[in-house]
Amino acid sequence: MKSQAQQPLVRINQVSKRFGELTVLTDVSLEVFKGEVVVIIGSSGSGKSTLLRCINQLEKPEAGEIYIDNTQINAPETNLNKVRQELGMVFQQFNLFPHMTVLENLMCAPINVAKRDATEVKQHALSLLEKVGLLEKQNEYPAMLSGGQQQRVAIARALAMKPKVMLFDEPTSALDPELIGEVLQVMKTLAGEGMTMIVVTHEMGFAKEVADRVCYMEQGKVAEIGTPVEIFEKSTNERLRSFLRILE
């Protein structure tokens, strides 16, 4: 496990979320330290994606606090636009701007939202495209790319804002099987470089190889959390073991 700093970079404290009568999250608490990769697993409807959306404030929890670097981001006085600049999020769908080239997709937010210098932004964007293996696609439009390539562009676009934390919401679930590996490889590289990552995924091989800790969610709660060995090999939680057997 990567060394844990004195204070967690992300701290989720007893977060609850409802949609009407449906309770999706109940008293969820989780800490993520700088440089750590935490993978969240669980069956469909267990609250994994909703938790990520609460971290990014796309959903507002009814109760609890969410801190990034000791700033409570769900407090009324918090500047959400500033918070979101520190959180990169990659969704199941790629959400690229279809009318912009790959390079323009990467440069848009750093220039228009973060007000950074265009020359510096372009240099950084090109280096990110090289990192994800798509430098030669910089002038193409998203529709000209495969799903795997579009998702790698989406990762690079999130990185272009220089976030403190990267959130991944099942980033390979919309991809054909033969394209999954190229996206996971980019994520492995980021993890190896020390990027703090919270990843919702059904890719158990990735979780075993890359995660520092694995969080198993069930019915809107954190049912178990531990190292990959503790979760995949030593857990006595029958619901977790049953869930993993289904995925085998």
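For the stretch 207-242, what are the residues that are aromatic (Phe, Trp, Tyr) and in contact with a strand residue (DSSP E or B) (Cβ under 7 Å, 6 or more places away or on another chain)?
Step one: of the stretch 207-242, the residues aromatic (Phe, Trp, Tyr) are 216, 232.
Across the stretch 207-242, the qualifying residue is only TYR216.
Can you tell me which residue within the stretch 37-52, out of those that are over 11 Å from LEU25 (Cα atoms) and either among the aromatic types (Phe, Trp, Tyr) or at pLDDT below 95 (or both), is least open to solvent (accessible area, probe 1.4 Å)?
Checked the stretch 37-52; the qualifying residue least open to solvent (accessible area, probe 1.4 Å) is SER43.
Taking the condition of being free of Cβ contacts under 8 Å to residues at least 40 places away in the same chain, in contact with a Gly (Cβ under 6 Å, 6 or more places away or on another chain) and in a loop (DSSP other than H, G, I, E, B), how many residues in the stretch 169-196 meet it?
1
Between residues in the stretch 105-126 that are part of a loop (DSSP other than H, G, I, E, B) and residues that are surrounded by 14 or more Cβ atoms within 10 Å (Cβ to Cβ), which pairs lie under 8 Å by C-beta distance while being six or more apart or on different chains?
That search, which allows pairs on different chains as well, returns VAL113/GLN85; VAL113/MET161; ALA114/GLN85; ALA114/MET161; ARG116/PRO110.
Pick out the one residue from ILE66, ILE40 that is in contact with a Lys or Arg (Cβ under 7 Å, 6 or more places away or on another chain) and not in a loop (DSSP other than H, G, I, E, B).
Just a single option satisfies the conditions, and that option is ILE40.
Yes or no: the stretch 74-81 includes at least one residue that is without any contact (Cβ under 8 Å) to a residue 60 or more places away in the chain and either crowded, with 20+ Cβ neighbours inside 10 Å or touching a Pro at 6+ places or on another chain (Cβ under 9 Å) (or both).
For the stretch 74-81, residues without any contact (Cβ under 8 Å) to a residue 60 or more places away in the chain and either crowded, with 20+ Cβ neighbours inside 10 Å or touching a Pro at 6+ places or on another chain (Cβ under 9 Å) (or both): present.
Under the condition of being within 19 Å of LEU58 (Cβ to Cβ) and β-branched (Val, Ile, Thr), which residue from the stretch 82-125 is most open to solvent (accessible area, probe 1.4 Å)?
Taking the candidates together, the pick is VAL113.
What are the pairs with Cβ atoms under 6 angstrom where one residue, in the stretch 232-248, is closer than 12 Å to MET204 by Cβ and touching a residue at least 40 places away in the same chain (Cβ under 8 Å) and the other, located anywhere, is part of a loop (DSSP other than H, G, I, E, B) and of a type in the set (S, T, N, Q)? Sequence gap at least six, or different chains.
So the pair list comes out as PHE243/SER43.
Between GLU130, GLU140, which is of a type outside the set (Gly, Ala, Ser), surrounded by fewer than 20 Cβ atoms within 10 Å (Cβ to Cβ) and part of a helix (DSSP H, G or I)?
GLU130
With MET217, MET166 as the choices, which residue is touching a residue at least 40 places away in the same chain (Cβ under 8 Å), more than 19 Å from GLY47 (Cβ to Cβ) and part of a strand (DSSP E or B)?
Working: MET217 fails: more than 19 Å from GLY47 (Cβ to Cβ).
Residue meeting the stated conditions: MET166.
Taking the options MET197, MET161, MET166, name whichever one is open to solvent by 10 Å² or more (accessible area, probe 1.4 Å), touching a helix residue (DSSP H, G or I) at 6+ places or on another chain (Cβ under 8 Å) and within 30 Å of PRO8 (Cα to Cα).
Selected residue: MET161, the only one of MET197, MET161, MET166 that is open to solvent by 10 Å² or more (accessible area, probe 1.4 Å), touching a helix residue (DSSP H, G or I) at 6+ places or on another chain (Cβ under 8 Å) and within 30 Å of PRO8 (Cα to Cα).
The values are calculated or read from the model by the stated rules, or taken from the named source; none is laboratory data. Remember, predicted model here, so these are calculated numbers, not experimental data. Neighbour counts run over all protein chains shown; Cβ positions are idealised from the backbone, glycine included. These accessible areas exclude ligands, DNA and RNA; they are computed on the full protein's heavy atoms, side chains included. Shrake-Rupley method; radii C 1.70, N 1.55, O 1.52, S 1.80 Å.
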